[in-house]
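Notes to accompany the following structure.
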Amino acid sequence: MLRELLIHMRRCWYLYLPLGAIWTLAAVRVLVDPVPRVPLLFNVTPSLPYTVAVVQYGVRQVGRGDYVIYACRGQAAMLFPGLAGQPFFKRVGGVAGDRVQVVGRRVFVNGADAGQAKRYAAASKLLLEPIADAVIPPQYFYMQGSSPDSFDSRYRITGLVRADDIIAVVRPLF
């Protein structure tokens with residue numbers, strides 16, 4: 001059986017070579033460098049309402065309302081090693097000096113509603129705690145998705161995002 005497969009692969013090498021290249025690139029993307037390196041971002045999650053966006057790498061000026069890609073770090077990455085360094089696409093909902101307040105499980109940034117923190121993660125059933133009341137320190141940002149299911153700064157496990165973890169600024173197209 002294995003011998004027949006090898007004969008077939010040798011005969012149809014032109015099919016298996018691109019397939020092998022695709023699998024190799026996918027493995028590198030997942031295991032070595034999870035950060036996208038192309039100027040276009042295709043979002044298929046309900047976290048934000050945009051499907052296609054232009055990515056601007058190397059931008060250091062980030063402000064409230066900007067859309068960014070950042071690397072997942074901190075407690076979430078320690079609990080779920082597969083998330084370590086994975087790119088997240090969110091909107092900057094709070095900047096240094098903004099006040100984060102939690103009333104019950106509802107989170108507010110400078111008095112503006114930032115969403116309800118759910119009790120459990122949908123996929124893992126992990127108990128989720130809302131972020132603690134705080135003033136956002138320098139070089140940190142509050143990240144926010146537009147979906148009620150977004151895994152964003154509402155939760156203590158994800159928390160505030162360091163400026164060093166921001167990979168790119170994103171300009172949504174549609």
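The values are calculated or read from the model by the stated rules, or taken from the named source; none is laboratory data. On a predicted model such as this, the values are computed, not experimentally measured, just so you know. All Cβ positions, even for glycine, are placed from backbone atoms using ideal geometry, and neighbour counts span all protein chains on display.
Matching residues to (1) in a strand (DSSP E or B); (2) among the hydrophobic types (A, V, I, L, M, F, W, C); (3) surrounded by fewer than 20 Cβ atoms within 10 Å (Cβ to Cβ):
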position	(1), (2), (3)
Ala77	no, yes, yes
Ala96	no, yes, yes
Asp149	no, no, yes
Thr158	no, no, no
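Checking the structure you have, find out if any residue of the range 143-154 is touching a residue at least 12 places away in the same chain (Cβ under 8 Å), of a type in the set (Asp, Glu) and touching a Gly at 6+ places or on another chain (Cβ under 8 Å). Within the range 143-154, one or more residues are touching a residue at least 12 places away in the same chain (Cβ under 8 Å), of a type in the set (Asp, Glu) and touching a Gly at 6+ places or on another chain (Cβ under 8 Å).
Here Leu48 clears all of (1) surrounded by 17 or more Cβ atoms within 10 Å (Cβ to Cβ); (2) in a loop (DSSP other than H, G, I, E, B); (3) of a type in the set (A, V, I, L, M); (4) without any contact (Cβ under 8 Å) to a residue 24 or more places away in the chain except the condition numbered (4). Checking the stated criteria, Tyr142 turns out to be crowded, with 18+ Cβ neighbours inside 10 Å, of a type in the set (Ser, Thr, Tyr) and touching a Ser or Thr at 6+ places or on another chain (Cβ under 9 Å).
Looking only at the range 18-40, decide whether some residue is among the basic types (Lys, Arg) and modelled with pLDDT of 90 or more. No, because not a single residue in the range 18-40 is among the basic types (Lys, Arg) and modelled with pLDDT of 90 or more. Do we find that Ala117 is in contact with an Asp or Glu (Cβ under 8 Å, 6 or more places away or on another chain), among the aliphatic types (A, V, I, L, M) and closer than 21 Å to Val55 by Cα in this structure? Criteria not met by Ala117.
On the given criteria, is Leu83 surrounded by 12 or more Cβ atoms within 10 Å (Cβ to Cβ), at pLDDT below 95, over 23 Å from Val170 (Cβ atoms) and not basic (Lys, Arg)? The answer is no for Leu83. When only residues in the range 114-139 that are buried (at least 18 other Cβ atoms within 10 Å of the Cβ) and closer than 17 Å to Ala96 by Cβ count, which is farthest from the chain's Cα centre (by Cα)? The extreme case among them is Ile136.
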